[in-house]
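Here the structure is laid out as structure tokens; the discussion comes afterwards.
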């Protein structure tokens, strides 16, 4: 396993965890407080991944802590199992519950998702409080402590080591996960779901994976909590606790893994101090700490809604490039698709039609793209060009007609299937993940050329594959002339450069058909020439290109054939020289020639 | 289950549902105008019932003190934010609304409470005490972050809820109380005994819903609020002050919450934190209505009330579990069939 941000820092931290509790420098009181901070950190780390990175806000994580805690409580008390055996059981139960809940939850859109988490968060709270064999509202007491041989881990100092080892492992696993192929897909989904899906990311599956991972971290926290507290009751697993965990992630700076620990420490410490000081300040008349806690929460949101970590430690560090060792050798080992001989029919649109209610955007259009050819799809604004693109790539379903690719009729086309078939596309309105580096954006294009999943990423067994994907991404960036800005954040680029990044990303898919939606818009003259050169090179490799473009010089000089649409209807098809003379085309572009 | 029990459950469900409908309408209104999911909406309900209970016993309720506390906070918050561009008008408004009004209400309550003027006076006083809290809370907690994402606003709403519940315990104490029924009449309808309270709940709810519909359809203010709801920037461009719209939405929400409090007080024992569950169930109805449609919300609220009555008959321990689980399939269905643009930051 590779340790995050320099092995020195991490091993220093690990050493500190093992030594500090036994030096006598830290009073018992603080040790206990830090144990609670550690346990909360685990939940908050999961939330950072879920909310900060995956964009799914969950108010219900406390329920998963409850599942972890109750599982071990029931198994140790009623069945006499050893707590070490109940650890996998706690994780499995949380995983199963999260899988079921998540399958519905991750499909909720917009603010329905957080509302959904509130709903099941409350439902589970009442469930814990009403099931008799879970002790109902009183909960379960007398949970056995953890044991090493005959030695029981009751001393908070010893438990400190257990808790913080778990936190360090969780941090490493989460960082590894984020750095891998699945992590990249998840980061992309939040900012640009269209782009991620167009390169084969299954959004529901990827989101579910994150959801289950976050829930399992919460389940682990629940297991630790149960054996530290030695009793469980529904109280700490309700919606208020769930809100508090979310607050920890937000306070730390959602999206920052270390921020989760900072947030957990901040909130736990704050609550503790309020409990200590408020009775002294205002007398012991009510639960002022709840009042103050709510007020502090509102104040934090009003003053630092991006969290403390960015305030204290600045913006995220530049991404660490995977090591490109044996650059050349690795590059060749990435499998490439066999391409057909030039001039064979590759994509055929047969009488395709798309109606939005009464508006027919694409009306009975037919055309063919042959292998190794550049086909231009032109027409005035609103002619239905982008809709045609979306029909071919499965973003929109056909109203009627059919599309054949390589002799096969495409049924129930989805963006993911289109990517798997080798349709690499760019977007009319640039779809780039602004907070990822340029090369990571391009590597997203090769999503389907890798196979590493969550587990391989966490265990860092994906490094060779990642190096291969990144070597390929680097090569595509060289082809579009952006190799020197590969590690810049994509959000800092100009529009023309972003269009080229999209072309590189589409090439990274190892496409059979490259579908470019106005790639030259926003490009300077020199860049246009370079793009034209690149597209000719691509064509000579046997890849077909379907090009939507308004720059007539560009498209006329490049395309082998042109298809002209107007108001959703095909009005002409042929070689550029003929299209220039076509009366219907002139009429559409210039109005009536009187 | 025989018909009598069914009819009894139906009556129970409709009455609860009617109260949820009022609270849910407020939730929808506030969300549409300000994008705040008003978690503390239920607190208005509970605090009103507790205020009336105190007045019925001839005690001076703590509510005016709470109002004064909120007024001071609102004044401080606004003064801090507009420190550099204070106008005389703003100062006058702050002094009048945030300080003079609560003090006047305090004096009024202290004068009226020992006189025990009767139910109507108690109700009017309680509603008058609760309603100004809405705009105050908006100015304290939400106006400074009015342009944040729904998530940030939602978390702030939870913060307000925590604080208000804590204040509720502080001001009203841990004991639960009920209030006198609005009408002690009752009559039989076949096997079913219909109480005057039930009829009162239905009439008040229906009248308020109709007034609301008229307000939004006919008045300029109502139209301005609808404009804010459908497009904030557009509304601002045509000269509708969105801050004022937010305050009005919160005032209406507090008013509706207070009326709901008047209605539920006689139906159940109300504690300082009872509002949360009432608010959440209303909120379930609001979501079922898609957070946009008022008629759908009312229907959904009646549905939630009826489902709750049924669940409490079949499996009373798991009533809350079932009510809140009910929402998830509906959310999933809405996500598929009523997709809306993803919230971006």
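The values are calculated or read from the model by the stated rules, or taken from the named source; none is laboratory data. Everything numeric here is computed off the predicted structure, so don't read it as measured data. Neighbour counts are summed over all protein chains in view; Cβ atoms, including those assigned to glycine, are modelled from backbone coordinates with ideal geometry.
Which of the residues that make up segment B:165-181 are more than 11 Å from chain A (Cβ to nearest Cβ) and either surrounded by 20 or more Cβ atoms within 10 Å (Cβ to Cβ) or part of a helix (DSSP H, G or I) (or both)?
Within segment B:165-181, B:179 is the sole residue that qualifies.
Return yes when residue A:564 is assigned to a helix (DSSP H, G or I) and either in contact (Cβ under 8 Å) with a residue 60 or more places away in the chain or touching a helix residue (DSSP H, G or I) at 6+ places or on another chain (Cβ under 7 Å) (or both) and no when it is not.
no
What number of residues within segment A:503-532 satisfy the criterion of being part of a helix (DSSP H, G or I) and in contact (Cβ under 8 Å) with a residue 60 or more places away in the chain?
Qualifying residue count, segment A:503-532: 6.
Every residue, every condition in (1) buried (at least 21 other Cβ atoms within 10 Å of the Cβ); (2) out of contact with any helix residue (DSSP H, G or I) (no Cβ under 6 Å at 6 or more places or on another chain); (3) touching a residue at least 12 places away in the same chain (Cβ under 8 Å); (4) not assigned by TED's automatic domain parsing to the domain that holds residue A:163, yes or no:
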{"position": "A:49", "(1), (2), (3), (4)": "yes, no, yes, no"}
{"position": "A:72", "(1), (2), (3), (4)": "yes, no, yes, no"}
{"position": "A:77", "(1), (2), (3), (4)": "no, yes, yes, no"}
{"position": "A:81", "(1), (2), (3), (4)": "no, no, no, no"}
{"position": "A:86", "(1), (2), (3), (4)": "yes, no, yes, no"}
{"position": "A:100", "(1), (2), (3), (4)": "no, yes, no, no"}
{"position": "A:123", "(1), (2), (3), (4)": "yes, no, no, no"}
{"position": "A:131", "(1), (2), (3), (4)": "no, yes, no, no"}
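Spot the failing condition for residue B:32; the list is (1) at pLDDT 85 or above; (2) closer than 27 Å to residue B:98 by Cα; (3) within 14 Å of another protein chain (Cβ to nearest Cβ), and only one is missed.
The failed condition is (1).
What are the residues in segment B:284-332 that are assigned to a loop (DSSP other than H, G, I, E, B) and within 22 Å of the chain's Cα centre (by Cα), if any?
Residues satisfying the conditions are B:289, B:290, B:291, B:292, B:293.
Checking the structure you have, find out if any residue of segment A:399-418 is surrounded by 19 or more Cβ atoms within 10 Å (Cβ to Cβ), within 29 Å of the chain's Cα centre (by Cα) and under 29 Å from residue A:575 (Cα atoms).
For segment A:399-418, residues surrounded by 19 or more Cβ atoms within 10 Å (Cβ to Cβ), within 29 Å of the chain's Cα centre (by Cα) and under 29 Å from residue A:575 (Cα atoms): present.
Residues checked against (1) out of contact with any helix residue (DSSP H, G or I) (no Cβ under 9 Å at 6 or more places or on another chain); (2) surrounded by fewer than 18 Cβ atoms within 10 Å (Cβ to Cβ); (3) at pLDDT below 75; (4) within 21 Å of residue A:183 (Cβ to Cβ):
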residue: A:250; (1), (2), (3), (4): no, no, no, yes
residue: A:254; (1), (2), (3), (4): no, no, yes, yes
residue: A:257; (1), (2), (3), (4): no, no, no, yes
residue: A:263; (1), (2), (3), (4): no, no, no, yes
residue: A:281; (1), (2), (3), (4): no, yes, yes, no
residue: A:296; (1), (2), (3), (4): no, no, no, no
residue: A:308; (1), (2), (3), (4): no, no, yes, no
residue: A:315; (1), (2), (3), (4): yes, yes, yes, yes
residue: A:331; (1), (2), (3), (4): no, yes, yes, no
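Being over 19 Å from residue A:247 (Cβ atoms), within 11 Å of chain A (Cβ to nearest Cβ) and part of a helix (DSSP H, G or I) is the filter here; which residues of segment B:138-150 pass it?
So in segment B:138-150, the residues over 19 Å from residue A:247 (Cβ atoms) come out as B:138-139, B:143, B:146-147.
Those still in the list that are within 11 Å of chain A (Cβ to nearest Cβ) too: B:143, B:146-147.
Answer for segment B:138-150, where residues must be over 19 Å from residue A:247 (Cβ atoms), within 11 Å of chain A (Cβ to nearest Cβ) and part of a helix (DSSP H, G or I): just B:143.
Which one of these is closer than 27 Å to residue A:250 by Cα and either modelled with pLDDT under 85 or away from chain B (no Cβ under 11 Å) (or both): A:102, A:80?
A:102
With (1) touching a residue at least 12 places away in the same chain (Cβ under 8 Å); (2) within 14 Å of chain A (Cβ to nearest Cβ); (3) crowded, with 16+ Cβ neighbours inside 10 Å as the list, and residue B:200 as the residue in question, which single condition is left unmet?
Against the list (1) touching a residue at least 12 places away in the same chain (Cβ under 8 Å); (2) within 14 Å of chain A (Cβ to nearest Cβ); (3) crowded, with 16+ Cβ neighbours inside 10 Å, residue B:200 comes up short only on (2).
Within segment B:151-164, work out how many residues are over 16 Å from the mean Cα position of the chain (by Cα) and either more than 7 Å from chain A (Cβ to nearest Cβ) or over 18 Å from residue A:248 (Cα atoms) (or both).
1
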